[in-house]
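Asks: Pasting a structure below so you can have a look.
The values are calculated or read from the model by the stated rules, or taken from the named source; none is laboratory data. Quick caveat, the model's predicted, so the values are computed rather than measured. No Cβ is skipped: glycine too gets one built from the backbone with ideal geometry, and neighbour counts run over all protein chains shown. Side chains included, ligands, DNA and RNA excluded: accessible areas come from the protein's heavy atoms. Shrake-Rupley method; radii C 1.70, N 1.55, O 1.52, S 1.80 Å.
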Amino acid sequence: MLSIRDLRVEFESPHGLIMPVDSVDMDILDKETFTIIGESGCGKSLLANSLLGLLPRDAKVSGKVHIDGEEILSLKKKEWRRIRGNKIGLVFQNPSASLNPVFNMHGHLYETLKYSNKPSSRDKMVSLLKKTGIKNPLRRLSQYPHQLSGGMKQRFAIALGIATDPDILIADEPTNGLDVTVKLKIVQMLSKLHSERSILLITHDLNVAYNLSDKIAVMYAGELVEIAPVNSFFEKPIHPYSSQLLVSHPEKEMLPIPGFTPQLTQRPQGCRFHPRCALASRKCKHEHPGLEKIEGERYVRCFACA
Amino acid sequence: MLEVKALDKSYSSSTIPFRKKSTKVLENISFRINKHETLCIVGESGCGKTTLAKCLVNLEKPDNGRIILEGRDVTFPDRKTLSFLHTKVQMIFQNADTSLNPRHLIYDSLAEPLRLQCQNEDNVRKRVLQLLNHVGLSEEHLHRYPHQLSGGQNQRIAIARSIALHPDLLIADEITAALDVSVQAQILQLLKTLKKEMDMTLLFISHDLALVKRIADRVAVMQEGKIVEINDTNEVFHNPQSPYTKQLISSMSKLSLNNHDLK
Ligand SMILES: Nc1ncnc2c1ncn2[C@@H]1O[C@H](COP(=O)(O)OP(=O)(O)OP(=O)(O)O)[C@@H](O)[C@H]1O
Ligand SMILES: Nc1ncnc2c1ncn2[C@@H]1O[C@H](COP(=O)(O)OP(=O)(O)OP(=O)(O)O)[C@@H](O)[C@H]1O
Ligand code: SF4
Ligand SMILES: [Mg+2]
Ligand SMILES: [Mg+2]
């Protein structure tokens, strides 16, 4: 369905070239929910946005991304229109910043539907709002972003993402800012969508990841460090970063990982996690581990675990 | 420390002038925050938590009711009372990306409140670096604009900014929602230390019940503009009274990492 090879996103910065997304390889199968978790700032949103041609102008993207066999990174600006909305839909992170303050909800839906040549009837809009659990959909259609609470905007962002009925839905933090009862509803709603299409989910919410995903990928400092089927991942995370991440969850010990996220301009030599890793050996400081298949469908980037 | 008495607030819901219909967003809200405690507010999205917090820092005006901070009425502050309010109470917003000025370098966003205190630029710089360290960021982030940082990094900048002036009461509106659980744990440790070192009181708004259960002394549950339950944390989680609280807790356990029902 979606295959990503050696995807990189680079920026020129005053301190030299930085590479927030570094040679990512992954495959998302038909009707699979593939979830990326990882540190804030590790490159998840840039990765997602590069699949939609939505990166800032000064970003350099390289690598290959195939959707149903078609390479999309080399597409011209005009051709993106065919992909966006029809093939890939996006539920963007942080709707407060991304919604246009001068458009009401009707306006946003209208633009989105028109962009991909889909009918934009009022009934369709109302049913989309209902689907995402927005009460009083008719009244809400005429409201502007500043009149909505954070959670309401989030639900609206999901409605925009699924409006054009894409084959792959990219959902960047779709449950951010929702109360648990609504979150539960959204999780149930997304898991229904899940039987209809592939979903690339990006989330910090491990509860959502656990309940929705087929596969989990863990990202650290621009790289994927582990890919695993969801159940085996939560039973036994293998990469030291993954297992420490689980330990920081409030349902677990809630202990933070010692040390700090490496700066983009000064990524550690060798394994990028070595300054914070309890298992680090001499080799880890000098050699860069590759993402290796270890058992079944599990891939790990770690000398101690491979 | 802070007492809220019978607060009401409504917004006009129609955008058509002359046909204003107003909706009540807060209705008869009364509670108090005791010194040094962590009071958490949970509740439906859209129930008025942010609006309530904004009333407390005078970013919204309530229709009725009183807000009393250390014995002083700050409901409709004059200039002097307002500056009293701002030295005592700081708020960190739900959306860091929109609360930081997009045209200011991170350095200036952090330095601004310090400069207002007439510190010399050397001290300002030192303090800015110290603040960055506190929230787990480093110098490389200083000379960027908010759009060049990730969501979580912006949130940490917003936290650093709000603690710059040592407030007595910190209001945190869903500040960790955009962060990974490890950074979240780190920030909560930080808040815990700051609370101790600076004698801070914390009003923490969150949707993450597992987190609230861990950090709150007391919990207030809101629904449709009202406080439907307020009690010690243990009571709220183990002996919930209102139907809505019960619903929240049951949703939480359905989504829990120890539950397989949804799969
Ligand atoms: N326009 C830009 N110029 C330079 N660096 C950037 C730019 N946009 C993002 N970055 C950097 O790239 C890294 C990855 O950013 P990204 O937004 O993908 O993170 P993320 O994993 O989505 O984080 P979060 O979970 O906090 O949303 C960050 O360290 C960020 O500072
Ligand atoms: N400026 C405004 N004009 C009109 N209505 C508003 C305005 N700001 C907020 N509202 C409405 O007031 C209600 C409460 O909003 P508020 O942002 O306080 O909710 P919240 O509890 O913080 O929700 P969330 O958890 O989703 O952030 C919502 O129904 C919202 O639509
Ligand atoms: S390669 Fe070494 S430093 Fe890196 S995660 Fe594995 S053990 Fe730790
Ligand atoms: Mg992101
Ligand atoms: Mg809010």
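Asks: Inside 10 Å of the C-beta atoms of B:33-44, what's the mean count of C-beta atoms belonging to other chains? Display every interim value, and only then the final one.
Replies: Numbers: counts 0, 0, 0, 0, 0, 0, 0, 0, 0, 2, 1, 7.
Other-chain Cβ atoms within 10 Å of each residue's Cβ, averaged: 1.
Asks: Next question. Which of A:VAL91, A:VAL126, A:PRO14 sits farthest toward the positive end of the charge dipole of the stretch A:3-140, with +1 on the Cβ of Lys and Arg and -1 on the Cβ of Asp and Glu?
Replies: A:VAL126
Asks: What is the helix-to-structure angle for A:180-193, meaning the angle in degrees between its Cα long axis and the longest Cα principal axis of chain A, kept from 0 to 90 and rounded to the nearest 10?
Replies: 90
Asks: Check B:VAL228: other-chain or 5+ apart residues with amide H under 5 Å from its amide H, H built from backbone geometry?
Replies: Correct list: B:VAL221, B:MET222, B:GLN223.
Asks: Name the lysines eligible as straight-distance cross-link partners of A:LYS76: C-alpha to C-alpha under 21 Å, and not fewer than 8 places from it in the same chain.
Replies: A:LYS60, A:LYS64, A:LYS87, A:LYS114
Asks: Once phi is turned into ³J(HN,Hα) by the Karplus curve 6.51 cos²θ - 1.76 cosθ + 1.60 with θ = phi - 60°, what whole-Hz value does each residue of the stretch A:288-304 show in order, with x for glycine and proline?
Replies: 9, x, x, 7, 10, 6, 10, 8, x, 9, 9, 10, 9, 9, 6, 5, 6
Asks: Taking θ = phi - 60°, what integer Hz values does the Karplus form 6.51 cos²θ - 1.76 cosθ + 1.60 yield along the stretch A:151-167, in sequence order, with x for Gly and Pro?
Replies: Once rounded to whole Hz, the list reads x, 5, 4, 4, 5, 5, 4, 5, 4, 5, x, 8, 3, 9, 6, x, 6.
Asks: Still on this structure, please answer the following. Name the most mobile residue of B:ASP208, B:ASP199, B:ASP180, meaning the one with the largest mean-square fluctuation, in a Gaussian network model of chain B with Cα contacts below 10 Å.
Replies: B:ASP180
Asks: Return the average number of partner chain Cβ atoms within 10 angstrom of each residue Cβ along peptide B:132-141. Each step should come with its number before you reach the end.
Replies: Working: counts 0, 1, 0, 0, 4, 4, 6, 1, 8, 3.
The per-residue average across the peptide is 3.
Asks: What is the calculated FRET efficiency for A:LYS236 to B:LEU59, with r their C-beta to C-beta distance and R₀ = 30 Å, to the nearest 0.05?
Replies: On the way: r = 47 Å, r/R0 = 1.58.
Calculated transfer efficiency: 0.05.
Asks: Remind me, relative contact order of the stretch A:2-213 in percent, using alpha carbon pairs under 8 angstrom and six or more residues apart? Let's see the in-between values first.
Replies: Details: 360 pairs, mean separation 55.0, N = 212.
Relative contact order of the stretch A:2-213: 26 percent.
Asks: Can I ask one more? Which one of A:LEU52, A:MET189, A:GLY107 has its Cα pushed farthest toward the positive end of the charge dipole of the stretch A:2-213, where Lys and Arg give +1 and Asp and Glu give -1 at the Cβ?
Replies: A:GLY107
Asks: Holding the Cα-Cα limit at 26 Å, pick out from A:LYS153/B:LYS195; A:LYS215/A:LYS252; A:LYS153/B:LYS80; A:LYS77/A:LYS215 the pairs that are longer than that. Could you put the intermediate results ahead of the total?
Replies: Numbers: A:LYS153/B:LYS195 32 Å; A:LYS215/A:LYS252 21 Å; A:LYS153/B:LYS80 36 Å; A:LYS77/A:LYS215 32 Å.
Pairs exceeding the cut-off: A:LYS153/B:LYS195; A:LYS153/B:LYS80; A:LYS77/A:LYS215.
Asks: In the stretch B:118-249, carbon and sulfur make up what percent of the accessible area (probe 1.4 Å)? All intermediate terms of the calculation are to be shown ahead of the outcome.
Replies: Numbers: 2350 of 5150 Å².
Looking at the stretch B:118-249 in its full context, I get 46 percent from C and S.
Asks: I want the antiparallel fraction of DSSP beta bridges within chain A, as a percent rounded to 5. Present the calculation step by step, with values, prior to reporting the outcome.
Replies: Numbers: 28 of 47 bridges.
If we restrict to bridges inside chain A, about 60 percent are antiparallel.
Asks: Looking at chain A as a GNM with Cα springs under 10 Å, which of A:THR265, A:THR33, A:THR203 has the largest mean-square fluctuation?
Replies: The residue with the greatest mean-square fluctuation here is A:THR265.
Asks: With a cut-off of at most 16 other beta carbons within 10 Å, and DSSP calling the residue loop, which GluC sites (Glu not before Pro) in the stretch A:233-297 qualify? Please list them. Mind showing how you got there, number by number?
Replies: Working: sites: A:GLU235, A:GLU251, A:GLU253, A:GLU287, A:GLU292, A:GLU295, A:GLU297; in loops: A:GLU251, A:GLU253, A:GLU287, A:GLU297.
Here the sparse-neighbourhood loop sites are A:GLU253, A:GLU287, A:GLU297.
Asks: So, one more: For helix A:105-115, what angle does its Cα long axis make with the longest principal axis of chain A, in degrees from 0 to 90 and rounded to 10?
Replies: Relative to chain A, helix A:105-115 is tipped by roughly 80 degrees.
Asks: Using a 1.4 Å probe on the protein heavy atoms only, what accessible surface does B:HIS86 show? Give it in Å² to the nearest 10.
Replies: About 80 Å², ignoring ligands and nucleic acids.
Asks: Dipole magnitude of chain A about its Cα centre, charges +1 at Lys/Arg Cβ and -1 at Asp/Glu Cβ only, in debye to the nearest 20? Before the final figure, lay out the partial values.
Replies: Working: 41 positive and 33 negative charges, 206 e Å.
Rounded to the nearest 20 debye, it is 980 debye.
Asks: On to the next question. What residues in the stretch A:172-193 lose 10 Å² or more of accessible surface when the other protein chains are added to their chain alone (1.4 Å probe)?
Replies: Relative to the lone chain, where solvent access is computed with a 1.4 Å probe, the stretch A:172-193 loses at least 10 Å² at A:ASN176, A:GLY177, A:LEU178, A:ASP179, A:VAL180, A:THR181, A:LYS183, A:LEU184, A:VAL187, A:GLN188.
Asks: I've got another one for you. Run the helix sum for the protein assembly as shown: -39,500 (n - 2.57) per DSSP H stretch of 4+ residues, divided by residue count, reported at 222 nm to the nearest 500 deg cm²/dmol.
Replies: Details: 22 runs with 201 residues, N = 569.
Taking each H run of at least 4 residues, the total per residue is -10000 deg cm²/dmol.
Asks: A follow-up question, please. Over chain A, with every protein chain in place, what whole percent of the accessible area is carbon and sulfur at 1.4 Å, could you tell me?
Replies: Numbers: 6520 of 12670 Å².
Reported share for carbon and sulfur atoms: 51 percent.
Asks: Karplus couplings for the stretch A:51-60 from phi (6.51 cos²θ - 1.76 cosθ + 1.60, θ = phi - 60°), rounded to Hz, Gly and Pro as x?
Replies: My calculation for the stretch A:51-60 gives 6, 10, x, 10, 7, x, 4, 7, 7, 10 Hz in order.
Asks: Sticking with this structure for a sec: What is chain B's relative contact order, in percent, from Cα pairs under 8 angstrom and six or more apart in sequence?
Replies: On the way: 438 pairs, mean separation 62.7, N = 263.
That works out to 24 percent.
Asks: Quick one: buried accessible area between B and A, total over both chains, 1.4 angstrom probe, nearest 100 Å²?
Replies: Numbers: alone 13990 and 14860 Å², together 24460 Å².
The B and A chains share an interface burying roughly 4400 Å².
Asks: Using the Cα gyration tensor of chain A, with a ≥ b ≥ c the square roots of its eigenvalues, what is the shape: rounded (a/c below 1.5), prolate (a/b larger than b/c) or oblate (neither)?
Replies: Values: a/c = 1.89, a/b = 1.57, b/c = 1.20.
Prolate, because a/c is 1.5 or more and a/b exceeds b/c.
Asks: May I ask you to work out the translational diffusion coefficient for chain B at 10 °C, viscosity 1.306 mPa s, via Stokes-Einstein with Rh from the Kirkwood sum over Cα pairs, reported in whole µm²/s? Let's see the in-between values first.
Replies: Details: Rh = 19.6 Å.
Reported coefficient: 81 µm²/s.
Asks: Taking springs between alpha-carbon atoms closer than 10 angstrom, which of B:ILE159, B:ILE227, B:ILE68 fluctuates most in the Gaussian network model of chain B?
Replies: Fluctuation is largest for B:ILE68.
Asks: Write down the accessible area per residue of the stretch A:178-289 in Å², having rolled a 1.4 Å probe over the full set of protein chains.
Replies: About 37 Å² of surface per residue is accessible.
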